Amino acid sequence: GTGPIRGFATTLIIGIIVSFFTAVFMTHVLYDHYMSKDKWLNLTFTSKISRNLLSNLHFNFMKTNRTAFFVVLIILLVCGGSLGYRGLSQSIDFTGGRNFKVQFEQAVEPEQVREMIAGEFGDANVSVIAIGTDKKTVRVSTNYRIEENSTTIDSEIEAYLYQTLKPLLTQNISLEVFIDRENHTGGSIISSQKVGPSIADDIKVAAIWAVLLSLLGIGLYILLRFRNIAYSIGSVAALIVDTIMIFGVYSLLWGFVPFSLEVDQVFVGAILTAIGYSINDKVVVFDRVREFFRLYPKRNLTQLFNDSLNTTLARTINTSLSTLIVLVCIFVLGGDSVRSFSFAMMLGVIFGTASSLFVAAPIAYIMMSKKKGEKEK
C-alpha cells in the first residue's frame, strides 16, 4: 500500500497491541485490586435482560449444511455474474487518472459538480465526493486524457476544470488564482495527484497480492494453531466467500446508491480489515470446538459442533452488534470520503458472522466426519 494505507495499517496495529495490553494486563490489575478488598466479588456480568438471552440454545446448524451451501452458491453466482457483467467502479488508483481537491467558498453538491465536469470531459470517467461535512471541499477524480504525455497536458486539464467550475467560483477568480495551491479563498485547487496507467497497474497487482497473501498467511496460522487442516480450509474458504460477496455487493450497487462505491486502496484496506475481523470470529468458534473435543472425546461429532456454535453464538452476535454500532455511526455521521470504507466494513462484519456459522464450521465438520469415517473403516 501507499502512504495513507500504510498509515491506516500502522494505526490498526498500534490499536491491536494497546487493546491487548489493556485487556490482559490493566484489566487483571484493576480486578485484582478491587477483589482483594472484597469488592466486585459478586459480579455477574449480566443484567436481568441479558442473563438468559441466547443461552441454552439448541439450533441444529449441521442439519442445514446443504441448504446453507445452496444459498451461498446462489449468492456467489449472482455476485460473480455482476462482477463479470457490470464490473466495479474502479478509482484512479487502479485505472490511472487525476485527483483534484477543490475548495469552494460556498457549499456545493458533489453530483452537481460531477455533472458539470462530465459534460465537458465527454466519455471519460468522472467521480466527485465531498471531503468533510461542510460540503465546501470536493475531490474530483477523472481519467480524462490520462494516456497523453504532452508537456502541457496537465495545464490544459486544469484550464478545462477552471472553465467548467467557473459558475461555482467567486466572481473575478482568474485561472492563475484557481490553480494556485496556496490560495484557499474564492475557490481553487488545493492539491492534486496524478497516477499514470503503469503505476495504476502496479497498484492493482500489489492489491491483489495483498489479499491473496493475507488469505495464505491466515490459512497457515490456523493450521499451526489447531494442527488440523479441516479448520484451515474451512476458515480460508469462508474468507474467500466473504471477499467475493463484498466485491459482489459493490458491483451490484454502484450507480444505484447515493454515495460513492469506488474501489480504491482504502477499499482494499477495508477488505483486509474485514478479513482480520472475520477470522477472529472463526478462531473463537474453532477454539470452542477443540475445547469440547478435549472435554467430551466420546460425544457425537454433530452434537459437538452444534454445541460449540450454540455456546459461542451469544458472543458472536454481541461482538458483531457492538462493532456494527460504531460502523453505522461512521457511515451516517462521517463524510463521503469514509462512507465507502465503513460500508465495506459493515458488509464484512455481517458476512463474516454468517460465514462462521454456515461456511467455515460446516466445511470443517464435513472434512472431520469423512476423516473419522475412514478411521472407523
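None of the figures in this text is laboratory data; all of them are computed from the coordinates on show. From a predicted model like this one, the values you see are computed outputs, not experimental measurements. Here the Cβ positions follow ideal geometry from the backbone for every residue, glycine too, while neighbour counts run over all protein chains shown.
Give the distance, in whole Å, between the Cα centre of region 63-83 and the Cα centre of region 118-149.
Between the Cα centre of region 63-83 and that of region 118-149, the gap is 37 Å.
Taking the 0 to 90 degree range and rounding to the nearest ten, how far is the long axis of helix 265-295 tilted relative to the main principal axis of the chain, both from C-alpha atoms?
So the inclination is approximately 0 degrees.
Quick check: the distance between the Cα centres of region 250-282 and region 305-332, to the nearest angstrom?
Centre-to-centre (Cα) distance: 18 Å.
Mean-square fluctuation check for the chain, GNM, Cα pairs under 10 Å: which of Tyr162, Tyr34, Tyr365 is largest?
Among Tyr162, Tyr34, Tyr365, the largest mean-square fluctuation in the Gaussian network model of the chain belongs to Tyr34.
Using Cα pairs under 8 angstrom and six or more residues apart, how large is the relative contact order of region 97-195, in percent? Before the final figure, lay out the partial values.
Values: 160 pairs, mean separation 38.6, N = 99.
Rounded, it is 39 percent for region 97-195.
Take every DSSP beta bridge whose two residues both sit in the chain, then give the antiparallel share in percent to the nearest 5. All intermediate terms of the calculation are to be shown ahead of the outcome.
On the way: 19 of 20 bridges.
Approximately 95 percent, going by the DSSP bridge assignments.
Highest mean first, what order results for 212-222, 91-101 on Cβ atoms within 10 Å? Intermediate values should be presented prior to the final figure.
Details: 212-222: 15.3, 91-101: 21.3.
The most tightly packed comes first, giving 91-101, 212-222.
How would Met26, Met367, Met345 line up from fewest to most surrounding beta-carbon atoms within 10 angstrom? Please report the intermediate quantities before stating the final value.
Values: Met26 11, Met367 17, Met345 24.
So the residues, fewest neighbours to most, are Met26, Met367, Met345.
For the chain, with only Lys/Arg (+1) and Asp/Glu (-1) charged at the beta-carbon, what is the dipole magnitude about the Cα centre, in debye rounded to 20? Display every interim value, and only then the final one.
Values: 34 positive and 30 negative charges, 560 e Å.
The calculation lands at about 2700 debye.
Could you tell me how many degrees, from 0 to 90 and to the nearest 10, lie between the Cα long axis of helix 153-165 and the main elongation axis, the longest principal axis, of the Cα atoms of the chain?
For helix 153-165, the angle is close to 90 degrees.
When Rg and Dmax of the Cα atoms in Å is calculated directly from the model, which label among (1) 20.7, 76; (2) 19.9, 60; (3) 25.6, 88 fits?
Checking each listed value against the structure points to (3).
Suppose every Lys and Arg Cβ carries +1 and every Asp and Glu Cβ carries -1, with no other charges. What dipole size does region 218-377 come out with about its Cα centre, to the nearest 20 debye? Mind showing how you got there, number by number?
Numbers: 15 positive and 10 negative charges, 215 e Å.
My answer is approximately 1040 debye.
Where the only charges are on Cβ atoms (+1 Lys, Arg; -1 Asp, Glu), what is the dipole of region 97-195 about its Cα centre, to the nearest 20 debye? Provide the component values of the computation, followed by the final result.
Values: 10 positive and 15 negative charges, 56 e Å.
Here region 97-195 has a charge dipole of around 260 debye.
Structure shown: which of Lys166/Lys194; Lys135/Lys204; Lys298/Lys370; Lys101/Lys136; Lys136/Lys204 lie over 20 Å apart, alpha-carbon to alpha-carbon?
Details: Lys166/Lys194 22 Å; Lys135/Lys204 30 Å; Lys298/Lys370 17 Å; Lys101/Lys136 11 Å; Lys136/Lys204 31 Å.
Table pairs above 20 Å Cα-Cα are Lys166/Lys194; Lys135/Lys204; Lys136/Lys204.
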